[in-house]
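Working notes, structure below.
We did not get these values from a lab; they are worked out from the coordinates using the rules stated. These figures come from a predicted structure and were not determined experimentally. Quick reminder, even Gly has a Cβ in these numbers, built from the backbone with ideal geometry, and neighbours come from all protein chains shown.
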Amino acid sequence: MQERAYNAGTDGDRATSGSVRERLERLREEVRYHSRRYYIEDAPEISDAEYDALYAELEALESEHPDLVTPDSPTQRVGGEPLEGFREVRHAVPMLSLANARSPEDLIEWDARVRRLLGEEESERLRYVTELKIDGLAVSLRYESGRFTLGATRGNGTVGEDVTENLRTVRSIPTELRDDYPPVLEPRGEVYIALEPFEEFNRRREAAGERPFANPRNLAAGSIRQLDPKVTRSRPLTIFLYGVGEGYANYASHSEALAALQEYGLRVNPYSVHETIESVIETCKRWAAERESVPYQVDGVVVKVDSREQQEALGSVQKAPRWAIAYKFEPLAGRTKLRDIIVNVGRTGAVTPQAVLEPVNVGGVTIQKATLHNEDYVREKDVRIGDTVIVERAGDVIPQVARAVPEERDGSETPFSMPTHCPVCGEPLVRPEGEAVVRCVNASCPAQALEHIIHFVSKGAMDIDGLGEKLAKKLFDLGLIKDVATIYDLRAEQLVPLEGFGEKSAENLIRSIERSREQPFDRLLFALGIRHVGAVTARLIAERFSGEELLAGVPSEQLAEIDGIGPVVAQAVSDYFALDDNRDLLTRLGEKGLDLRRIARGAPESGPLSGKRFVITGTLSEPRSVFQERIEAAGGSVASSVSKSTDYVLAGEAAGSKLEKAQKLGVAVLDEAAFRELLS
Ligand SMILES: NC(=O)c1ccc[n+]([C@@H]2O[C@H](COP(=O)([O-])OP(=O)(O)OC[C@H]3O[C@@H](n4cnc5c(N)ncnc54)[C@H](O)[C@@H]3O)[C@@H](O)[C@H]2O)c1
Ligand SMILES: [Zn+2]
C-alpha cells in the first residue's frame, strides 16, 4: 500500500480502471490504510473530509453491489485494532460507530424509518436528544461501587485497550462518584482537548523547537494511547460523557441517564430534547452555522432516540445503532487546482501571496481565492503554481491553502517567487528585519488607499449597500473617489453614465451612502482601518472617547487603561491620530456629517433584562443565537468580550478565558438554570 492512496478515489475515468471487484478492493485497501494511520497510529495523512469522501465512495459502490460486500470491508467494522503494549479489554456492551446524515433530508428519512420500525403507537411518544459530536477519542469508564476501576478505548468495538492509568491523570474524570450510583456503571464519552489549550500547547512546543500537532483530535488520541502516563498527565485533556454501556438499564431514557451522570459528578456533553424531527433539524442547522462558537472541535450533531425501550426495540445494524445518527457538518476543507499565485497589497502595505483557485465548494461557500500567508509559508509548504492543493476554512478566518498534493504533479508546476517591487505603485518592497511580511512602505501607494476604501464600505464597517469591491475599484480608477471621505461627495449624475448604472440604481447607491452617515461612532472608528483595531476594540474605544477627544490626542497610556486594550493596540491608535493626514481625514468626515460622538451605553428598553449587558461563553444546551435572541427580547444586549461594563456572563460547558476574566473582574456568572430564573 505504498502507492498513493487517493489517486484511485479521484480517478476520472472509472470505467477503464478495472472490474468492479478490483475497484472495490482498491478502495478498501485505501480506506484500511488511512484507518490505520488514523485509529492506530494517530497520524492521519489526509483530512477527514478526504477520508469521508473515500469512505462514501466505497459505501456507494458496495450498495450497488451488495453481493460483493465482504465481512472484512471497513464498512462492516468499527475503528482499529488495539495497539500492542496495552492490555486488551473486552467490552461487555460493544462500543459502536454512528451512521451519518449529510443533509436535513437524510434526517427526515431516518425519522421515517425509526417511526416505521417503532409502529404508530410507539411513535407518538418518540422524543429525540441532540448533542454536539465531539472530535476526540471514545473511551469507556468503569465504576464499581462508585470507584473508577477500568478505562478503555473503543478499539475495534469489541476489544479495546486498557488505558486506566492514563485516564487517571485526566482531572475531569473523578476517581469516585458521588450520590447513589448503581453498583456497576460504565459511562462512555469522548476525551478531547479544547481549542485554546491546544493552541497554547502547540505554542509551547514550537517555542521548545518541537513539531506542533496537526489537530486537537490527534493530540488527544495520541495522549491517551501512550505507554507512559506521565506524558498523558502533561496534556490538557478533558472529557465529556454522553452515554452508558453497562448499567444503562438503570435508566428509562438517554436524557435520564445523562442527568444522572451529572449528579454523580461527571462532565456531561450539553444536550437538548426535541419532540419533532423538524425541531431537531432546526437545532442541527443552528449548530452548523455556529460551530465556531464552540470552544472545542466538533464535526456534527448526534441525534438519539431518547427512550431506552425504544432504543432496544430498534437495535443495531452492522457497526452502528439504528436509534442514533450523526448529522455531519459540511467539511471545512476541499481539494482543487491552484491556477496562479498573485500578490495582494493590503491597506497596511503588507504584500501577501494569494492563491487563485479553480472554484471549489468548502462548507457551503464557493472559494476562488485563499491566502498563502507569506513568502516563507509558500516556500516551507512547497506550494507551486499548477499544484493540486487542499484548501481549508477555519472559523471566520480567510480560507487558506493548507498544503499541496505533490503526488498529483506532472512536472508542469512552477515555483513562486516574491516580486521585488510593489505591483501597484512600482516602488521597491521591503521586508523589515525579523518579520515574515514584505511591505510597500510608500504612503501614497494607491493600493493602500483602495484597500482602505474597500474596508471602509464593507459589511462590518460602514456597510454601504451596493458599493462592493469591484465598484469601489472602478470608482477609484476613474478618480471619482480618492479616499474614504470623498465617497460622501459622490453624486448620482456622476454614476448614471457608468456601465451597469441607471438613474434608479445610481440614486439607490447615493441613498445607501447617505444612510451610512448614521452609523454609530464605533463603526466609523473600525472602518478607518487603524492597525490592530477590530470591531470589538473599536467599540471599547468608542465607549470611552469621542472623535473630538481622539482628534485632540489621547495618550496611549490612557487608551491602555481601557479594559480589553493592550499596549500594542493603544500605541497603534495613538500613532494613528498623531498623523496630520489621519486627523485631517477624520475632520473631513465629521464635516460631511458623520457622527463623531462617543457611543453611550445602551439606553434601557423595557423587559426584565433591560440595559443589561451579557457575554455568552462556553457551550450551552442550544446554539448561542437562541440565547442571544432571548436576551435581546428581554431588553438586554450581548457583547463579545468581557469588560467591567459587562453585567452577566452566561457560561456553558468548557467556558475558557472569558469565564476566567469575568471571575477576575467580579462579573456575575450565570449557568443556564440561573439564567432561566433571571428571565422569569
Ligand atoms: N483522516 C483520516 O485519515 C481518517 C481516517 C479514519 C477516520 N477518520 C475520521 O473518523 C470519523 C469516523 O469515525 P468513526 O466511524 O469511528 O465514527 P464517528 O466518529 O463518525 O462516530 C462515532 C463516534 O462518535 C463519537 N462521538 C462524539 N460525540 C458523540 C456523542 N455526543 N454521542 C455519541 N458519540 C459521539 C464517539 O467517539 C463515537 O465512537 C470520521 O470523521 C472520519 O473522517 C479520518
Ligand atoms: Zn505600493
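Results, tabulated for the structure shown:
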{"item": "Thr646, Thr175 arranged by Cβ crowding within 10 Å, fewest neighbours leading", "result": "Thr175, Thr646"}
{"item": "For the chain, share of DSSP beta bridges that run antiparallel, in % to the nearest 5", "result": "80"}
{"item": "Alpha-carbon centroids, the range 139-170 and the range 201-262: separation in whole Å", "result": "12"}
{"item": "Loop sites in the range 266-342: GluC sites (Glu not before Pro), DSSP, at most 11 other Cβ within 10 Å", "result": "Glu275"}
{"item": "FRET efficiency estimate (nearest 0.05) - Cβ-Cβ, Ser641 to Asp489, R0 35 angstrom", "result": "0.45"}
{"item": "Those Cys residues of the chain for which no other cysteine Cβ falls under 4.7 Å", "result": "Cys284"}
{"item": "Residues Ser680, Ser505, Ser556 arranged by fewest to most Cβ contacts within 10 Å", "result": "Ser680, Ser505, Ser556"}
{"item": "Zone of Glu176's modelled label, taken as backbone nitrogen in the range 145-170 under 12 Å from a point 7 Å along Cα→Cβ", "result": "146-148"}
{"item": "Relative contact order for the range 613-679, counting Cα pairs under 8 Å that sit 6 or more residues apart, in percent", "result": "37"}
{"item": "Theoretical gain in end-to-end length, Val20 to Ala552 [0.36 nm per residue, Cα-Cα removed]", "result": "183.9 nm"}
{"item": "Loop-exposed trypsin sites (Lys or Arg not before Pro) per DSSP, neighbour cap 10 Cβ within 10 angstrom, longest uninterrupted part of the chain", "result": "1-458"}
{"item": "Value at 222 nm in deg cm²/dmol, rounded to 500, when DSSP H runs of n ≥ 4 in the chain each add -39,500 (n - 2.57)", "result": "-10000 deg cm²/dmol"}
{"item": "Computed over the chain: relative contact order in percent, which uses C-alpha pairs under 8 Å that are six or more apart", "result": "9"}
{"item": "Local net charge near Asp52, Cβ-Cβ under 11 Å (Lys/Arg +1, Asp/Glu -1)", "result": "-4"}
{"item": "Cα shape, the range 258-328, gyration tensor, a/c 1.5 rule", "result": "oblate"}
{"item": "Sorted by Cβ density within 10 Å, fewest first, the residues Glu330, Glu88", "result": "Glu88, Glu330"}
{"item": "Anisotropy class of the range 88-328 from Cα gyration tensor, a/c 1.5 cut", "result": "oblate"}
{"item": "Cα centroid separation - the range 264-299 against the range 425-499, whole Å", "result": "42"}
{"item": "Förster-model FRET efficiency, 41 Å R0, Leu68 and Lys337, C-beta, rounded to 0.05", "result": "0.75"}
{"item": "Sites Glu122 and Glu200, calculated FRET efficiency, Cβ-Cβ separation with R0 60 Å, nearest 0.05", "result": "0.80"}
{"item": "Computed lengthening from Ile108 to Asp228, 0.36 nm per intervening residue step minus Cα-Cα distance", "result": "38.6 nm"}
{"item": "The chain: C-alpha gyration tensor shape, a/c 1.5 cut-off, then a/b vs b/c", "result": "prolate"}
{"item": "Mean separation of Cα contacts under 8 Å (6+ apart) over length of the range 523-598, as relative contact order %", "result": "36"}
